[in-house]
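> One structure, pasted below without further comment.
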Amino acid sequence: MKNIVVQKFGGTSVRNLECMRQVLNNVRRPLANGDKVIVVLSAMAGETNRLIALARQWSDHPDPAEMDSLVSTGEQISVALFSMMAKDEGIKCRSVLGFQIPIETDNSYGKARIEDIDSEKLLKMLEIDDVLVVAGFQGVDAIGRITTLGRGGSDTSAVAVAAALKAEMCEIYTDVPGVFTTDPNICAEARKIDRISYDEMLEMASMGAKVLQIRSVEFAKKYNVAVHVRSTFSDEPGTMVTQEDTVMEAVQVSGVAYDKDQAQVTLVGVIDEPGVCASIFTPIAENKILVDMIVQNPSKDGRTDITFTVTRADLDATLKLIEGLKGEIGYQALLSDKNVSKVSVIGVGMRNHSGVAAKAFRAMRDENINILMISTSEIKLSCLIEDKYTELAVRTLHQTFVG
């Protein structure tokens, strides 16, 4: 078998005929080298949202399995149209849907996880055709029902296929030229990063950087698949997401990220005794609510305050759960705030450089930005702040660490 190249194109790259022609030009390059190509496509820009809105017209609470059957048709349209165009150009290709491979997943409709991919079947298809145009975002569960992988899931589809076929690289094409040191819409000094480690990209993706879906980066790291993020509409090299090296470690901070999808919850005067945190966070976890930052204050007179953050969409459900636990937990007051955001500085070099926190705190003090909560990891420092200061904090931290 010849070398296999995996390329993924997002919704903006396939939004119309003109854009799809540019996608075809990108596919021609590896074909000219004699390679086989697997092209993973998203739905056309706006199509998934249109389908979701359509479902809401028919049902206030659409069945999750039926919703997956509906929204997966967006990718089916993309791969069929692209295959028609490619065949007209004399390219030997075919469209392939998730269940035809199959891409096997669990049955968590709307956010399914990939369990297996039949790589042998893909290889047999490539013996017949030079290009396989695979519908991203979708799979099939054990009982044959269509599943979807969550928003941005086509990235995960592409990296998973590359991993299954032991491809050395997966090219992710999008409408931006790569991964930037921060959001260029906020900071004019943001610049493209040539190379970034899996861990740094995971942190940036978790902070809402929309260039790559977080689960695709997890796949890439686990199976050591290099990911090249680049623009569909330019021949310029993009950003290589790969294993860290000594050059990356020499850079103290690689980027500054932010996340406005934050809500703060504080339980005031909780009885400070063993098991109280388990009583709070176990029912939250059982309701599949993701908790981010957690801070517990020192105990005073047998009571303590516990503050944590969730997404804004989960705030009401979280407050309802906590209110139902008041008799068990014995807190004195329940406070919440949606007007917060999180800013973070990220870099594998933080493992070997001291003083990052002090420098960040001084920079925000100089701009009179109050820090509400702090969390750290080996390669990330995050601060919760009032959301009205988000853009100022991003620009300030970027100037301080990246320049």
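Derivation of every value follows stated rules applied to the coordinates shown; laboratory data play no part. Computed from a prediction, not measured in an experiment: that's the story for all the values here. Positions of Cβ are backbone-derived with ideal geometry, glycine not excepted, and every protein chain shown enters the neighbour counts.
> Taking only Cα atoms and a 10 Å spring cutoff, compute GNM fluctuations for the chain and point out the largest among 381, 290, 392.
Ranking 381, 290, 392 by mean-square fluctuation puts 290 first.
> Which listed residue (390, 119, 34) has the Cα farthest towards the positive end of the charge dipole for the chain, taking +1 on Lys and Arg C-beta and -1 on Asp and Glu C-beta about the Cα centre?
Of the options given, the answer is 34.
> Under 10 Å, Cα contacts only: if you run a Gaussian network model on the chain, which one of 242, 12, 232 comes out with the highest mean-square fluctuation?
12
> Using Cβ contacts closer than 10 Å as the measure, can you line up 380, 124 from fewest to most?
Least crowded to most crowded, the residues run 124, 380.
> Here's something else I'd like to know. Relative to the compact-globule scaling 2.2 N^0.38 Å, provide the ratio for the alpha-carbon radius of gyration of segment 256-401.
Dividing the Cα radius of gyration by 2.2 N^0.38 Å gives 1.13.
> Hey, what did the chain get for relative contact order, percent, Cα under 8 Å, at least 6 apart?
13
> Ok, one more. As a test, work out the antiparallel percent of DSSP beta bridges whose residues both lie in the chain, rounded to the nearest 5.
On the way: 44 of 73 bridges.
Close to 60 percent.
> Taking segment 298-403, which GluC sites (Glu not before Pro) meet the DSSP loop condition and have no more than 15 other C-beta atoms within 10 Å?
Here the GluC sites (Glu not before Pro) that fit, given the DSSP loop and packing criteria, are 367, 378.
> Right, something else. What dipole magnitude, in Debye to the nearest 20, does the chain give about its Cα centre under +1 on Lys/Arg Cβ and -1 on Asp/Glu Cβ?
Rounded to the nearest 20 debye, it is 620 debye.
> May I pose another question? Give the average over all directions of the projected area of the C-alpha convex hull of the chain, one decimal, in nm².
22.2
> Moving on to the next point. In debye, nearest 20, what is the charge dipole magnitude of segment 4-243 about its Cα centre with +1 on Lys and Arg Cβ and -1 on Asp and Glu Cβ, if you could check?
The calculation lands at about 300 debye.
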